[in-house]
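J.: Handing you this structure, nothing more for now.
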Amino acid sequence: MKKALFLFAALACAGFGSAQEITADTVRATPPYYYCEIIAGHLPTHRSNGVLFDFGQKTGAWKYNYLTDAAGNKLLFSSGMDAVNYMGSLGWEFVQAYASGKDNDISHYVLRITPARLATTQREALLAPPEREKPRKEK
């Protein structure tokens, strides 16, 4: 008798319960921070100053992430720390640094900035959706 009563009570509770409904969020949320990685070699090469910027956008195989001025001229930095100081003057905040590569000869500096400190066009460029790979045509 007790088992039947317990079974009836359990079934009644299960009938009144409901599952959580999950809906897809169609509006991309603005992140609390945008991040930038500065990649710097210890010794500049004869073709460049050895400082690259990674804002998370996809670049072509032969195109590198350099900062440019309003006229499109590439900005040259004497070192990775020079680039960090320049970005700090623009409002970017230092987060972390680490070394990689053979003999730890590549320095990585991670910076962040709040969206409110950027112009609308800069925010839109940093939130651009990633490119999608085009499907290959079948032969």
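J.: Of the residues Ser89, Ser100, which single one is loosely packed, with under 14 Cβ neighbours inside 10 Å, of a type in the set (Gly, Ala, Ser) and at pLDDT 90 or above?
T.: Working: Ser100 fails: at pLDDT 90 or above.
Only one candidate passes the filter, namely Ser89.
The rows are residues; the columns are (1) in a loop (DSSP other than H, G, I, E, B); (2) modelled with pLDDT of 85 or more; (3) of a type in the set (A, V, I, L, M); (4) under 19 Å from the mean Cα position of the chain (by Cα).
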| residue | (1), (2), (3), (4) |
| --- | --- |
| Arg47 | yes, no, no, no |
| Gly56 | yes, no, no, yes |
| Thr59 | yes, no, no, yes |
| Met81 | no, yes, yes, no |
| Val84 | no, yes, yes, yes |
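J.: Could you please tell me which pairs satisfy a Cβ distance under 8 Å, a separation of 6+ or placement on different chains, a first residue in segment 114-126 that is modelled with pLDDT under 85, and a second residue that is assigned to a helix (DSSP H, G or I)?
T.: Listed by first residue and then by second, the contacts come to Arg123/Pro115.
The values are calculated or read from the model by the stated rules, or taken from the named source; none is laboratory data. Values in this document were obtained by computation on a predicted structure and should not be read as measured data. So basically every Cβ, Gly included, is an ideal-geometry build from the backbone, and we count neighbours across all protein chains shown.
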